[in-house]
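Worksheet: one structure, shown below.
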Amino acid sequence: MEKVTVNASIKYEILIDNGLLDHSGELIKAVKQSGKCAVITDDNVDKFYGERVMKSLQCAHIDAVKFVFPHGEASKNHSTLLNIYDFLTEHSFTRSDYIVALGGGVVGDTAGYAAATYMRGIDFIQIPTTVVAQSDSSVGGKTAVDIKAGKNLVGAFHQPRLVIADTETLSTLTPEFFSDGMAEVIKHGMIKSAELFEILSNSDIKSNLVDIIKRNVAIKGQVVENDEREKGERMLLNFGHTLGHALEKYYNFTGLTHGYAVAIGMSTFTHIAEHRGICKSGVADKLDTLLKKCGLPTTDPASIDELYKISLGDKKHLSSGMNIVICTDIGESKVIKMSVEEYKDFLEG
Ligand SMILES: NC(=O)c1ccc[n+]([C@@H]2O[C@H](COP(=O)([O-])OP(=O)(O)OC[C@H]3O[C@@H](n4cnc5c(N)ncnc54)[C@H](O)[C@@H]3O)[C@@H](O)[C@H]2O)c1
Ligand SMILES: [Zn+2]
């Protein structure tokens, strides 16, 4: 079993291995000796793994109840949240009890925000089951739900007490969700680790998942330790996201998933940076080769002009400018502050 420790406002461990699900009870017992727990999951994940986790908790003599909500981003809202609060009160949950979030980023963000707010905050444990959740969202303590005005607009920073990443669970993901999550994994290599990028490029990814996820959470954990509340270094995690978000908006959040949009954002910015001489020559091609290996796109027919206009929809940029993340080489990244005019010029290549 691999272990990564995060020293954020609270210290916690991320455990990574194949088959950890069947040991989740004993692993949780090591950090939570008392209290009962609510396993919160979605219907897809429940079908595959709900029973196994409940059984493991039972074997460790943990008093556990389970709450299942319909899968998908549409559930990441206040209505699900209210149902979770009702469920917790029906089962007389107090501040010494805790939540176990079993699932992808939707479950982690929603259950995490429920934990952050129920009785002004109770403990929670993450059992991430998607590439996105294992490599990214389960670490860092950002929890949130969506509102009509936009995604993740209501949330809280609330660090988990433990993260249990069973890489075997990734085998039941659809190929599309597997690829989608790989975009953030490649992003971590691009911004911080040439070694991770090499492993992804030169090995069979599916047979190296324990090592790959470990490296990812170590990178994310380190960035979070340095900048828990997102003032400086954490901005590097936005690599590929400025254009990616504009693309997601352009397709009304339906045509293109987040990872696919980020992949196009990373590739486009790297080609431009290379063309302008701020990124080492050859990096963009290596990035494209890896993105394609993972089933991800590198370009999109949407016009750059349209995407620029969408970026401007975010009015705060007009006065304060934009923080653009670029990679100067594989594993090397920096933030460049640009005015909106400079950004337009940059996008034009
Ligand atoms: N908090 C953060 O720092 C952070 C970071 C990145 C993304 N996010 C959030 O994460 C969410 C996206 O996460 P996601 O991609 O994991 O989506 P998701 O949770 O919707 O999971 C994707 C799909 O896969 C299914 N699924 C999950 N695990 C499975 C498994 N092991 N086998 C088979 N099916 C499985 C789910 O039911 C769902 O249909 C977004 O809401 C995003 O805002 C948060
Ligand atoms: Zn992202």
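The values are calculated or read from the model by the stated rules, or taken from the named source; none is laboratory data. Note that the coordinates shown come from a computational prediction; the quantities given were computed from them, not determined experimentally. No Cβ is skipped: glycine too gets one built from the backbone with ideal geometry, and neighbour counts run over all protein chains shown.
For residue 141, indicate whether it is crowded, with 16+ Cβ neighbours inside 10 Å, within 11 Å of the chain's Cα centre (by Cα) and within 16 Å of ligand 2 (Cβ to nearest atom).
On the way: crowded, with 16+ Cβ neighbours inside 10 Å: yes; within 11 Å of the chain's Cα centre (by Cα): yes; within 16 Å of ligand 2 (Cβ to nearest atom): yes.
Yes, satisfied.
Taking the conditions exactly as written (out of contact with any Gly (no Cβ under 6 Å at 6 or more places or on another chain), of a type in the set (Val, Ile, Thr), in the same structural domain as residue 222 (by TED's automatic domain parsing) and more than 15 Å from ligand 2 (Cβ to nearest atom)), does residue 147 satisfy them or not?
So residue 147 does not fit the description; no.
Residue by residue, here is whether (1) under 17 Å from residue 180 (Cβ atoms); (2) surrounded by 15 or more Cβ atoms within 10 Å (Cβ to Cβ); (3) of a type in the set (Phe, Trp, Tyr) holds:
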| site | (1), (2), (3) |
| --- | --- |
| 256 | yes, yes, no |
| 268 | no, yes, no |
| 307 | no, yes, no |
| 310 | no, yes, no |
| 313 | no, no, no |
| 321 | no, yes, no |
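Looking for whichever is surrounded by 14 or more Cβ atoms within 10 Å (Cβ to Cβ) and away from ligand 2 (no atom under 16 Å from the Cβ) here; the options are 277, 295, 282. Which one fits?
None of the others qualify; the one that does is 295.
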Residues being over 15 Å from residue 16 (Cα atoms) and either in contact with a His (Cβ under 9 Å, 6 or more places away or on another chain) or in the same structural domain as residue 283 (by TED's automatic domain parsing) (or both) - total across segment 157-170: 0
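Taking segment 98-124 only, how many residues are among the charged types (D, E, K, R) and surrounded by fewer than 22 Cβ atoms within 10 Å (Cβ to Cβ)? First the steps, then the outcome.
Taking segment 98-124 as the starting set, the residues that turn out to be among the charged types (D, E, K, R) are 109, 120, 123.
Keeping just the survivors that are surrounded by fewer than 22 Cβ atoms within 10 Å (Cβ to Cβ) gives 120, 123.
Number satisfying all stated conditions: 2.
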If you take the residues in segment 161-202 that are outside any helix (DSSP H, G or I) and under 19 Å from residue 72 (Cβ atoms), which one is farthest from ligand 1 (Cβ to nearest atom)? 174
Yes or no: residue 210 touching a residue at least 24 places away in the same chain (Cβ under 8 Å), assigned to a helix (DSSP H, G or I) and away from ligand 1 (no atom under 14 Å from the Cβ)? yes
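Does segment 147-160 hold any residues that are more than 26 Å from residue 33 (Cβ to Cβ) and either near ligand 1 (Cβ under 8 Å from one of its atoms) or within 17 Å of the chain's Cα centre (by Cα) (or both), and which are they?
First, the residues of segment 147-160 that are more than 26 Å from residue 33 (Cβ to Cβ): 147-155.
Within segment 147-160, 151, 152, 153, 154, 155 meet the criteria.
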Here are the criteria: (1) free of Cβ contacts under 8 Å to residues at least 60 places away in the same chain; (2) among the charged types (D, E, K, R); (3) closer than 25 Å to residue 222 by Cα. Tell me which single one residue 55 does not satisfy. (3)
Suppose the filter is away from ligand 2 (no atom under 16 Å from the Cβ) and not assigned by TED's automatic domain parsing to the domain that holds residue 18; does residue 211 pass it? yes
Considering each of 285, 300 in turn, give the residue that is among the charged types (D, E, K, R) and not in a helix (DSSP H, G or I). 300
Residue 182 vs. criteria in the same structural domain as residue 257 (by TED's automatic domain parsing), farther than 20 Å from residue 16 by Cα and in contact with a Cys (Cβ under 8 Å, 6 or more places away or on another chain): no
Pull up segment 168-206, narrow it to residues that are within 16 Å of ligand 2 (Cβ to nearest atom) and among the basic types (Lys, Arg), then point me to the one that is surrounded by the fewest Cβ atoms within 10 Å (Cβ to Cβ). 192
Scan segment 251-258 and give yes if some residue there is modelled with pLDDT under 95, in a helix (DSSP H, G or I), of a type in the set (Phe, Trp, Tyr) and not assigned by TED's automatic domain parsing to the domain that holds residue 16, otherwise no. no
Please go through segment 226-268 and pick out each residue that is within 18 Å of residue 135 (Cα to Cα) and of a type in the set (Phe, Trp, Tyr). 239, 260
Please go through (1) farther than 17 Å from residue 88 by Cβ; (2) without any contact (Cβ under 8 Å) to a residue 60 or more places away in the chain for residue 62 and return the number of the only condition it doesn't satisfy. (1)
